[in-house]
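First comes the structure, then the notes that go with it.
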Amino acid sequence: SAQCEIPSVITPNNDGVNDNFIVPCLVNQIQYPNSQVTSINRWCDEVYRSPRPYNNDWQGTFNGEDLPVGTYFYLVDFGDGSQPQASFFMIQR
């Protein structure tokens, strides 16, 4: 899979702009039907694990509650045997 341009900031405040963690190359779920996104906080606690395929619908929550503003890390598994993509992103509200 090609490198995705994954945003480094999400602002989940329900204004319709940048509310979700969007992985642009996963918009076509037919191409990556086994994709999954996992996120951890700075203490390496898993705060999110998506169903397969990832639906670009995560809004920075954990157990229905807003996660605190800060830096988090993501792992995008494309589910096709290719190298997962990992980096960090910020949650700002």
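The values are calculated or read from the model by the stated rules, or taken from the named source; none is laboratory data. Nothing here was measured: the structure is a model prediction, and the numbers come from that model. Quick reminder, even Gly has a Cβ in these numbers, built from the backbone with ideal geometry, and neighbours come from all protein chains shown. What goes into the accessible areas is simple: the full protein's heavy atoms, side chains included, and nothing from ligands, DNA or RNA. Shrake-Rupley method; radii C 1.70, N 1.55, O 1.52, S 1.80 Å.
The figures follow:
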read-out: Accessible surface, per residue, of the chain when the full set of protein chains is kept, probe 1.4 Å, Å²; value: 59 Å²
read-out: Gain on full stretching of the segment that runs from residue 56 to residue 92 - 0.36 nm per residue minus C-alpha separation; value: 11.2 nm
read-out: For the chain, fraction of C-alpha pairs farther apart than 16 Å, in %; value: 51 percent
read-out: Carbon + sulfur, % of accessible area of region 1-80 - ligands and nucleic acids excluded, 1.4 Å; value: 50 percent
read-out: Per-residue HN-Hα couplings for region 54-65 [Karplus 6.51, -1.76, 1.60; θ = phi - 60°; Hz; x = Gly/Pro]; value: 5, 9, 6, 10, 6, 10, x, 10, 9, 6, x, 10
read-out: Reference-scaled alpha-carbon Rg (2.2 N^0.38 Å with N residues) for region 29-83; value: 1.18
read-out: Point-to-point label distance, residue 69-residue 15, nm (Cα→Cβ direction, 7 Å offset); value: 1.3 nm
read-out: Cα-based radius of gyration of region 52-93 once divided by 2.2 N^0.38 Å, which approximates compact folds; value: 1.33
read-out: Debye, to nearest 20: dipole size of the chain, +1 on Lys, Arg Cβ, -1 on Asp, Glu Cβ; value: 120 debye
read-out: Cut-off under 5 Å, modelled amide H: who pairs with residue 48 long-range; value: 39
